[in-house]
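Structure first, then comments.
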Amino acid sequence: MALDLQYTIELDHSVWIPVPLQFPWNDHADAAAWAAELSHDLLHGMGAPDEVRDALERSAVAMAAVDPPLPGPLERFWHLPAQGGPERLVHLYVTETEATTAEQLVFLARAGLGGLVQNVVVLEDTPFDVAMRVLVLAPLGDRDIAVVRVLGLAAGFVFVVELIEEDPVALEIMEPVVESLFRAIRLRGA
C-alpha cells in the first residue's frame, strides 16, 4: 500500500515510547542495542541502580519482540508513563478503504477480530472525516478479550490505533489514553 496521505504524531514522550517494528532500525543493529540506548536516555541523571537499568532494558527488548496482533502495522508504541500506570503496547494500522460513513466505520472496527461491538463513542474535533472509539469483545480460545480500537476515516484511508487488553481495570485506564494517542495524529495532503 502506498500511503498518499501523510501523517505525523505529536507524541507525548512522557507517556509513549515508539518501539521499532524491525531491526536494524536507525543506528541500532538489534533490539538489545536499541534497549540499551533507551534505558540510558530514560534513566540519565536519575542515579538509578544497575538493576533498574537492566530491568528496563529487558522490558524494552521484550516489547520489541512482540509480534503484532494483525499483519502490517505502520507503528507501535509502548505505554510507559513517567508517573506510573499500566505498561501496554498499541499498534497503528493504516489501510485503504471505500468506507465513508460512521456505520461503515463501526463495521471496520471488527475487521480481523470478529466479536461483538460493545461500545461506540463518536469523536469530534479530529482531523478525520469520521472518527470513533470502539470497544470490541473478541473470542480468544475459551474466553473473550477486549480490543479498543480508535478509528478515523480520511481520503480513502482508515487509521486504527489498537489496544488488546484482558484486565478490566487496565482497560478503563487505557481507553482514554489510547484515544489521546489517536488525537495526536496530524494529517497532511490528500
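Loop-located GluC sites (Glu not before Pro) in the range 103-190 (DSSP state other than H, G, I, E, B) with a sparse environment of at most 12 neighbouring Cβ atoms within 10 Å: Glu124, Glu166. A straight line joining the Cα centroids of the range 97-111 and the range 124-150 runs 12 Å. Can you give the angle from 0 to 90° between the axis of helix 168-183 and the longest principal axis of the chain, with both taken from C-alpha atoms, to the nearest 10? Between the helix axis and the principal axis of the chain, the angle is about 80 degrees. Among the chymotrypsin sites (Phe, Trp or Tyr not before Pro) in the range 64-109, none sits in a DSSP loop with a Cβ that has at most 12 other Cβ atoms within 10 Å. Taking the alpha carbon gyration tensor of the range 8-82, multiplying each eigenvalue by 5 and rooting it gives semi-axes of 21, 15, 11 Å, largest first. For the pair Arg143 and Ser59, a Förster radius of 25 Å applied to the C-beta separation gives a FRET efficiency near 0.45, rounded to the nearest 0.05.
What's the Kirkwood radius of the range 89-188 in Å, using all Cα pairs? The answer is 13.5 Å. Here, the chain has an Rg and a Dmax of 17.3, 53 Å when only alpha carbons are counted. Each stretch of four or more DSSP H residues adds -39500 (n - 2.57); spread over every residue of the chain, this sum gives -8500 deg cm²/dmol at 222 nm.
For Arg110, no residue has an amide H sitting under 5 Å from its own, ignoring neighbours fewer than 5 places away on the same chain, with H placed 1.01 Å from N.
Values in this text are rule-based calculations from the coordinates and carry no lab data. Just so you know, these numbers come straight off a predicted model, no measurement behind them. Note that we place each Cβ from the backbone using ideal geometry, even for glycine, and neighbour counts take in every protein chain shown.
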